[in-house]
1. Just to compare against my own numbers: the Cα pair-distance distribution for segment 3-82, 10 Å bins, whole % per bin, please.
2. Which order do peptides 82-88, 5-11 fall in by mean Cβ count within 10 Å, highest first?
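Just so you know, all these numbers are worked out from the coordinates, no wet-lab data involved. What you see is a predicted model, and the numbers here were worked out from it, not measured in a lab. For neighbour counting, all protein chains shown are included, and Cβ atoms are generated from backbone atoms with ideal geometry for every residue, glycine included.
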Amino acid sequence: MSTRDLRGLLVGFAVFLAVAAAFEVAMYNWRISLVLEVEQLRERVLELSREWEDLSSQRAELCSPARLRSLGRELGLGPMPLDDLTVISLTPVPSPGGEPPDESEECLAAAR
């Protein structure tokens with residue numbers, strides 16, 4: 001083997017080592033960027049889970065029956081008195097005297 005061949009072999013090996021080292025540096029940097037991204041995503045998940053818990057507790061507080069009842073009282077709302085209710089039947093009901101109901105067009109139109 002001549003010195004020229006040996007020099008070419010050494011240059012080729014040096015180029016190979018340089019490319020391998022550059023590839024290793026690139027892979028290391030890529031792994032570091034992935035680790036940083038995973039950490040950011042973990043922080044985001046924790047932040048969103050805390051926000052979820054806050055919103056869930058706010059929802060429970062807002063939907064609390066006791067709270068809704070007291071808010072209704074403050075606004076003057078309450079159960080409707082049964083004295084104010086009127087039941088309307090859309091189907092003809094026989095009168096207590098046994099006579100058939102008046103099924104004129106006027107009655108049917110009023111029921112609609």
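1. Per 10 Å bin, starting at 0, the Cα pair percentages come out as 14, 16, 13, 12, 11, 9, 8, 6, 5, 3, 1, 0.
2. On the way: 82-88: 5.4, 5-11: 10.1.
So the order, starting with the most tightly packed, is 5-11, 82-88.
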